[in-house]
Structures are given as structure tokens and as C-alpha cells.
């Protein structure tokens, strides 16, 4: 994926409200809110942001076909965008699953164990995390290995 495309996705995910507020004065610019929520995809409300200096992290993840990520949690709010392929996300406690497809954005879980699985094709995802310096974006569940 070209750096330009990554930058566009990151801007849309991180600052859609700023772009949307300026579109009236800029003909030809179109902005679509991809994710705006106070809760994760499985319905769990978000708590507070971590205290301290804010730090945004944008990851470009490429997951091979037939990959199952380890069970993990995120200590901060984050949102993802499926660039290509499919990703099935699963909540460990409830067993609830949701299939995310190319062109779809989703609001990730915070503090709840979950994982993602790919199908017969690789999946490319852009994820933006809103945390603080020194806080990991992903924490493996007990007994799991961290993959990224």
C-alpha cells in the first residue's frame, strides 16, 4: 500500500470531525464518518482514555490467509479499517463474532479478550490507537504469545 493511501486512511480515522467541518468551504472534498461510537463493536462501553501525554499509533497490519491471532486485549480505544480481505473478530467471553470486510471500519474492544481470524485470503488492516507513551497497543492474554 502506498504511503499516500496510509496517510489518507489515518487522517480519516483520526480527524474526521475536522475534515467534515471544513467541507462546506472546499468544493469537491467529501468526508464520510467511518466510525463514531462510545462503545466497541460488541456493545461494551468505552471507559476513560489513559492519563498522561496522548500518543497516537497507526499500524498497517498484513495478516496471511488462515491466520488466527492470539487472544489479546487493548488498553486504549482504537479503530480499524479493513483495506483488503476479511477478518472475523471474536469476543472470548461471549463467543460473539463479527465478520469485517474490505472497505469497512470498526471500533475495537478495550480491556476485553478477543482475537481475529482470516479466511482463505490475506487481510490488510489499518488500526489507529489512542494511548500514551510506553503503553503497549496490544497485550496478549495469559499463556498467549504476542504477534506484533
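Coordinate-derived values only; no laboratory data. Bear in mind that the values here come from a model prediction, so they are computed numbers and not experimental data. Neighbour counts run over all protein chains shown; Cβ positions are idealised from the backbone, glycine included.
Take 26-35, 74-83 and order them by the average number of nearby Cβ atoms within 10 Å per residue, most first; the result is 74-83, 26-35.
Label reach from residue 130 (point 7 Å along Cα→C-beta): in the range 36-78, amide nitrogens under 13 Å belong to 36-40, 46-51, 54-57, 76-78. A full extension of the chain between residue 39 and residue 84 corresponds to an added length of 13.8 nm, given 0.36 nm per residue minus the alpha carbon distance. Inverting the pair-averaged 1/r between distinct Cα atoms of the range 39-140 gives 13.8 Å as its Kirkwood hydrodynamic radius. Between residue 32 and residue 97, the C-beta separation translates, for a Förster distance of 25 Å, into a calculated FRET efficiency of about 0.45.
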